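Read the structure below first, then the notes.
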Amino acid sequence: METKTKIAGAELNSFVLNASGVRDTTLEELEIIGKSNSSAIVMKSCTIEPREGNPEPRCAETPLGIIQSMGWPNLGYKKYIEFTSLLKEKYHKPIIASTAGFSTKEYKEITSAFQNSPVDFIEVSVSCPNIENHPQVGYDFEATEELLSQISNLGPKPLGLKLPAYLDFIQQKQMAKIIKKFGISFISCINSIGNVLIVDSERETPVIKSRKGFGGLSGDYIKPIALGNVRGFFELLGGEVSIFGVGGIKTGQDAFEFLLAGADAVQVGTVFEKEGINCFERINRELGEILERKGYSSVSEAKGKLKYL
Ligand code: RRO
């Protein structure tokens, strides 16, 4: 069964796409996503200048997920604008830019440039962990308002926010108010959970080197937290703002759980890293089978339909 869906009014031909940050930094990697069954191409969060990122080893897999402190390695936003034209022409699927910055001025320059590019959506990351002395903007509501007052009116393309995990409803409420105030079109819940530590007890060291072992956590560990954020925002935003569910989705059943919670589509990162491009077709097929077995005729029929006990 098809799993067509819509984000900010635009059609995606399936419910499953890649999440920013995994195998999406170089043109070669983006072309692999282009050829895959990912329903859009999400690009690595980019900064004004190219960055090499943090020292290696900066990423470690565990059976339940990944910890990483990549440090925003990317080619600089101008390259991603160049890539967008090429990718759109070749792969005919929506392209989502992901923006990062060290100041409002930088976010403004990058967002403005993407507004004047062929990109389809702009996902503004206010949740990048992993930079020394650079807090995640999304945990500072005043700073988020100030940022959005500068970048939410720079052009016609749908603007979204990649949010950090909120562990208290008051934080979700404050952010929902800001999302409505600035007419944000979509949100992506959640980024990896920042500043966790995984210890190798044999070596008596952290499992990654950068930032004394602190890193962002993804995969199975974070799925219930991501679900809680998707559901919280779905209720607060009344279904008016599109939601990408992100965090620990590796099967069609996971995708279905996010759909019930209120997601319009899901982005997959950790499973893409571990399994490769096959994951897009597989998760999508599994989701279609579940919908069919349960008698739903479309994704939209099941959206947000979580039943309370
Ligand atoms: O590059 C990174 O360290 C990174 C980014 Br920009 C992000 O948004 N989330 C993450 O877990 N790592």
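No value in this document is a laboratory result; all are computed from the given coordinates. None of the values given here were measured: they were computed from a predicted structure. Every residue, glycine among them, receives a Cβ derived from its backbone with ideal geometry; neighbour counts consider all protein chains shown.
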Quick one: 3J(HN,Hα) in Hz for the stretch 43-52, Karplus 6.51/-1.76/1.60 with θ = phi - 60°, rounded, Gly and Pro as x.
9, 4, 4, 10, 10, 4, 9, x, 9, 7
Using 0.36 nm per residue of separation minus the Cα-Cα distance, give me the extension gain between S300 and E29 in nm, one decimal.
94.5 nm
What's the local net charge at G53, with K and R +1, D and E -1, over the other residues with C-beta under 13 Å away?
+1
As a quick test, which of the pairs K105/K162; K44/K303; K6/K274; K6/K177; K108/K157; K223/K303 have an alpha carbon distance above 21 angstrom in this structure?
K44/K303; K6/K274; K6/K177
Compute the projected area of the convex hull of the Cα atoms of the stretch 208-309, averaged over all viewing directions, and report it in nm² to one decimal place.
7.9
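Only loop residues by DSSP count here, and only those with at most 14 other Cβ atoms within 10 Å; note down the GluC sites (Glu not before Pro) in the stretch 203-309 that meet that.
Passing both the DSSP loop test and the Cβ count: E204, E240.
Let me know the Kirkwood hydrodynamic radius for the stretch 1-117, please, with Cα pairs as the basis and the value in Å to one decimal. It would help to have the intermediate numbers written out before the result.
Working: mean 1/r = 0.0655 Å⁻¹.
Evaluated over the stretch 1-117, this radius sits at 15.3 Å.
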Whole Å is fine, so just give me how far the alpha carbon centre of the stretch 65-108 lies from that of the stretch 1-31.
14
Shape of the stretch 106-174 from its Cα gyration tensor (a ≥ b ≥ c, root eigenvalues): rounded if a/c is under 1.5, otherwise prolate when a/b > b/c, or oblate?
prolate
State which stretch of the chain is the longest one without any exposed trypsin sites (Lys or Arg not before Pro), exposure meaning a DSSP loop state and at most 12 other Cβ atoms within 10 Å.
1-202
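Which of the peptides 143-154, 183-194 is most tightly packed, and how do the rest follow, going by the mean number of other Cβ atoms within 10 Å of each residue?
Details: 143-154: 17.2, 183-194: 24.3.
Peptide ranking by packing, descending: 183-194, 143-154.
For the chain, what is the percent of antiparallel DSSP beta bridges, rounded to the nearest 5?
Details: 16 of 41 bridges.
Of all bridge pairs located within the chain, approximately 40 percent are antiparallel.
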What helix-only [θ] at 222 nm does the chain give? Using -39500 (n - 2.57) per DSSP H run of at least 4, over all residues, to the nearest 500, the answer is -11000 deg cm²/dmol
Over the stretch 83-192, what relative contact order in percent results from Cα pairs under 8 Å that are six or more residues apart?
25
Run the Debye formula on the Cα coordinates of the chain, all scatterers equal and no solvent, and tell me log10 I(q)/I(0) at q = 0.06, 0.11, 0.14 1/Å.
-0.17, -0.61, -1.03
What distance in nm lies between label points placed 7 Å from Cα along the C-beta direction at H134 and H92?
3.8
